[in-house]
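J.: Sharing a structure here in structure tokens format.
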Amino acid sequence: MKSESFDNHYLIIGAGPVGLAVAKAFKEARIPYQQVDADDDVGGNWYHGTYKSAHILSARRVMEYPDFKMPEDYPDFPSSGQMLAYYRSYAAHYDLTEAIQFNTKVIHVNPIEDNLWEVIFSDNTTKTFKGVIVCNGHHWSKNFPKYEGEFTGDSFHSKDYKSSDQLKDKRVLVIGAGNSAFDIASESARVSSKKFLSVRRGIWIFPKTFMGKPLASLTVPPIPDWVRERLIKVMLKLTIGSHKEYGLPKPESKVFDRHPTVNTETLMHVKHGRTIIKGAVKKFLGKQVEFQDGSIEDVDTIVYATGFKTDFPFLPKELCRVEKAHVKVYGFSMYDTYKGLYLVGWMQPRGGVGSLIAPYADLLTRFVKLQDKVECPVGLILKETGEPLPTSHLFGGAQVIKWIQKTEKRINKLEKKGLEIDKKLNGFKNKSLANSTKPLQEDMQVY
């Protein structure tokens, strides 16, 4: 096995929207790094995981990087093709592409002696790095619910949906109530012979626009969450109406406790009779599906729009501190017991990623430079100064920006606190871990 040492470099895993922003920030901060991606181009999910007809849900203004605006001729909701072109343009503009090693899959990441990190790649090479920045995304590890019985028709995950040709003239069941479920249900309603949508619990459904403007781009003054929620509910009552009008269950959660589904087209298809709302699936009966209400329908194709798992298959179990969909890290990326490992991009902000990841990537470079000045993990410093662990993977954009700005102002105080902790610890070393990584499937993409 070939082994190389890059003890003063960081490894950035992934070249999607998050990985590119981090690379740009590291380059400008003059922090040595290498970058790898399992695919053969930049863009992450926009390159390998979206269907042809997909458009962004958030507005262009919140999806673009603050320092690299989208072209003026882009619509409010750019297509997947336009988004991919934008990320390619971003990488080219900042000369990031040449530094990316494509078609390179990470198999294992492990802390070793001297606080270094050993990385094993799929070509059986091994490299050691000063640290690792994980930007492998959260739209690749498919979640499949388990049901009694066996379905003998065609089935696939929404990740593998590419065009309506897969649904044409078929009796289609889409399982799920998120954005992908509603998008695919809308396309299926136009081309399938019969269309069912299985919704097991109530979800909040938002329109893409309000008063002619993209909903995600509307500026709302700072107000308490309970006031914001009441205003949203009034808006939804006026634009969507009651869930029972569409045969949908009433939401039981608060508006911002779960990702809303931003799609009213499916509701139109329900009113047209092109989409039939069903409850939760009970069991499979060959090419029939029985639902919890006892009804049975003939189905040719099932689309599992059932979301994704937050997963880091190349990390030892000890470093996969995932609870539901959120990662138990401080400062959105760091553990308190290890230094040199940063898990970036797992959170799902309400709004767009570009407006948040660019300022966060800049802050991340300051965390990295702070780590050079102290022995203890920066995550431990944040913990000791009262930083709470996340309790959800959902965050408001304004909430994140406010935290970034506040943290930037106290970097010097964090350094001072870190030096105080160092005196108490009398040195710090990462604990080496046994190789307990789950074996990767050959066809699994890891970004």
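The values are calculated or read from the model by the stated rules, or taken from the named source; none is laboratory data. Everything quoted here is computed from the prediction, not taken from an experiment. FYI the Cβ positions are ideal-geometry reconstructions off the backbone, even for glycines, and counts take in every protein chain you see.
J.: Does Leu96 satisfy the condition of being modelled with pLDDT of 95 or more and among the hydrophobic types (A, V, I, L, M, F, W, C)?
T.: Numbers: modelled with pLDDT of 95 or more: yes; among the hydrophobic types (A, V, I, L, M, F, W, C): yes.
Answer is yes for this residue.
J.: Quick one: which residue in Asp67, Asp76 is over 22 Å from Ile13 (Cβ atoms) and either in contact with a Pro (Cβ under 6 Å, 6 or more places away or on another chain) or not assigned by TED's automatic domain parsing to the domain that holds Ala15 (or both)? Full working, then the answer.
T.: Working: Asp67 fails: either in contact with a Pro (Cβ under 6 Å, 6 or more places away or on another chain) or not assigned by TED's automatic domain parsing to the domain that holds Ala15 (or both).
Step by step, each of Asp67, Asp76 is checked, and only Asp76 is over 22 Å from Ile13 (Cβ atoms) and either in contact with a Pro (Cβ under 6 Å, 6 or more places away or on another chain) or not assigned by TED's automatic domain parsing to the domain that holds Ala15 (or both).
J.: Determine whether the range 31-48 contains at least one residue that is of a type in the set (Val, Ile, Thr), closer than 28 Å to Asn115 by Cβ and in the same structural domain as Phe367 (by TED's automatic domain parsing).
T.: Residues of the range 31-48 of a type in the set (Val, Ile, Thr): 31, 36, 42.
Going one step further and asking which of them are closer than 28 Å to Asn115 by Cβ, we end up with 31, 36.
Retained after the next criterion (residues that are in the same structural domain as Phe367 (by TED's automatic domain parsing)): 31, 36.
Yes, the range 31-48 contains at least one residue that is of a type in the set (Val, Ile, Thr), closer than 28 Å to Asn115 by Cβ and in the same structural domain as Phe367 (by TED's automatic domain parsing).
J.: Test Tyr87 against the criterion of being modelled with pLDDT of 95 or more, within 22 Å of Pro214 (Cβ to Cβ) and either of a type in the set (Phe, Trp, Tyr) or not in a helix (DSSP H, G or I) (or both), and give yes or no.
T.: Numbers: modelled with pLDDT of 95 or more: yes; within 22 Å of Pro214 (Cβ to Cβ): yes; either of a type in the set (Phe, Trp, Tyr) or not in a helix (DSSP H, G or I) (or both): yes.
Yes; evaluated as a whole, the condition is true for this residue.
J.: Now for a separate question. Could you check, for the range 218-225, whether at least one of its residues is loosely packed, with under 13 Cβ neighbours inside 10 Å, over 28 Å from the mean Cα position of the chain (by Cα) and in a helix (DSSP H, G or I)? Outline the logic, then answer.
T.: From the range 218-225, those loosely packed, with under 13 Cβ neighbours inside 10 Å are 218-225; that's our starting set.
Filter once more, so that each one left must be over 28 Å from the mean Cα position of the chain (by Cα): none.
No, the range 218-225 has no match at all.
J.: Also, quick follow-up: Give me the residue from the range 177-207 that is of a type in the set (D, E, K, R) and in contact with a helix residue (DSSP H, G or I) (Cβ under 9 Å, 6 or more places away or on another chain) and, out of that set, nearest to Asp154 (Cα to Cα).
T.: The extreme case among them is Lys195.
J.: Ok, one more. Against the conditions (1) touching a helix residue (DSSP H, G or I) at 6+ places or on another chain (Cβ under 6 Å); (2) assigned to a loop (DSSP other than H, G, I, E, B), where does Asp73 fall short? Just the number, please.
T.: (1)
J.: Have a look at Ala398, Ala361 and point out the one that is within 27 Å of Thr219 (Cα to Cα) and surrounded by fewer than 16 Cβ atoms within 10 Å (Cβ to Cβ). Before you say what the answer is, go through the steps one by one.
T.: On the way: Ala361 fails: surrounded by fewer than 16 Cβ atoms within 10 Å (Cβ to Cβ).
Unique residue meeting the criteria: Ala398.
J.: Inspect all residues belonging to the range 111-124 and state whether any of them is within 22 Å of the chain's Cα centre (by Cα) and touching a residue at least 12 places away in the same chain (Cβ under 8 Å).
T.: First pass over the range 111-124, keeping only residues within 22 Å of the chain's Cα centre (by Cα): none.
Taking every residue of the range 111-124 in turn, none turns out to be within 22 Å of the chain's Cα centre (by Cα) and touching a residue at least 12 places away in the same chain (Cβ under 8 Å).
J.: Restrict the check to the range 187-196 and report whether at least one residue is assigned by TED's automatic domain parsing to the domain that holds Ser242, in contact with a Pro (Cβ under 9 Å, 6 or more places away or on another chain) and aromatic (Phe, Trp, Tyr).
T.: Step one: list which residues in the range 187-196 are assigned by TED's automatic domain parsing to the domain that holds Ser242, which gives 187-196.
From what is left, the residues that are in contact with a Pro (Cβ under 9 Å, 6 or more places away or on another chain) are none.
So far as the range 187-196 goes, no, none of its residues is assigned by TED's automatic domain parsing to the domain that holds Ser242, in contact with a Pro (Cβ under 9 Å, 6 or more places away or on another chain) and aromatic (Phe, Trp, Tyr).
J.: Just to verify a result, which residue in the range 228-252, among those that are assigned to a loop (DSSP other than H, G, I, E, B) and without any contact (Cβ under 8 Å) to a residue 24 or more places away in the chain, is farthest from Met211 (Cα to Cα)?
T.: So the first thing to find is which residues in the range 228-252 are assigned to a loop (DSSP other than H, G, I, E, B), and the list is 240-242, 247-252.
So of that shortlist, the ones also without any contact (Cβ under 8 Å) to a residue 24 or more places away in the chain come out as 241-242.
Numbers: Gly241: 16, Ser242: 20 Å.
Filtering first and then ranking leaves Ser242.
J.: Of the residues Val327, Val303, which is in contact (Cβ under 8 Å) with a residue 40 or more places away in the chain, touching a strand residue (DSSP E or B) at 6+ places or on another chain (Cβ under 7 Å) and under 16 Å from Ile133 (Cα atoms)?
T.: Details: Val303 fails: under 16 Å from Ile133 (Cα atoms).
Within the list Val327, Val303, the selection yields Val327.
J.: Across the range 264-286, what is the total count of residues that are farther than 22 Å from Glu187 by Cβ and over 33 Å from the mean Cα position of the chain (by Cα)?
T.: 2
J.: Taking Val22, is it under 21 Å from Thr365 (Cα atoms), of a type outside the set (Gly, Ala, Ser), in a helix (DSSP H, G or I) and outside the structural domain of Ala216 (by TED's automatic domain parsing)? So that I can check it myself, show each step before the final result.
T.: Values: under 21 Å from Thr365 (Cα atoms): yes; of a type outside the set (Gly, Ala, Ser): yes; in a helix (DSSP H, G or I): yes; outside the structural domain of Ala216 (by TED's automatic domain parsing): yes.
Here the answer is yes, as Val22 does meet what is asked.
J.: Can you name every residue in the range 266-281 that is crowded, with 17+ Cβ neighbours inside 10 Å and either part of a helix (DSSP H, G or I) or assigned by TED's automatic domain parsing to the domain that holds Gln348 (or both)?
T.: Within the range 266-281, Thr266, Leu267, His269, Val270 meet the criteria.
J.: I've got another one for you. Among the residues of the range 281-309, count how many are closer than 14 Å to Phe156 by Cα and among the hydrophobic types (A, V, I, L, M, F, W, C).
T.: Applying the first criterion (closer than 14 Å to Phe156 by Cα) to the range 281-309 yields 299-308.
Filter once more, so that each one left must be among the hydrophobic types (A, V, I, L, M, F, W, C): 299, 302-303, 305, 308.
Within the range 281-309, residues that are closer than 14 Å to Phe156 by Cα and among the hydrophobic types (A, V, I, L, M, F, W, C) number 5.
J.: Follow-up question, since we're still on this one. Quick one: how many residues across the range 122-146 are crowded, with 18+ Cβ neighbours inside 10 Å, of a type outside the set (A, V, I, L, M) and in a strand (DSSP E or B)?
T.: The first filter runs over the range 122-146 and keeps only residues crowded, with 18+ Cβ neighbours inside 10 Å, leaving 127-141.
From what is left, the residues that are of a type outside the set (A, V, I, L, M) are 127-131, 135-141.
Checking the rest, the ones that are also in a strand (DSSP E or B) come to 127-131.
Of the residues in that region, 5 qualify.
J.: May I ask you to list the residues in the range 235-259 that are at pLDDT 90 or above and either over 16 Å from Leu197 (Cα atoms) or exposed (fewer than 14 other Cβ atoms within 10 Å of the Cβ) (or both)? Break it down stepwise before answering.
T.: Quick first cut of the range 235-259, residues at pLDDT 90 or above only: 235-251.
The answer is Met235, Leu236, Lys237, Leu238, Thr239, Ile240, Gly241, Ser242, Lys244, Glu245, Lys250, Pro251.
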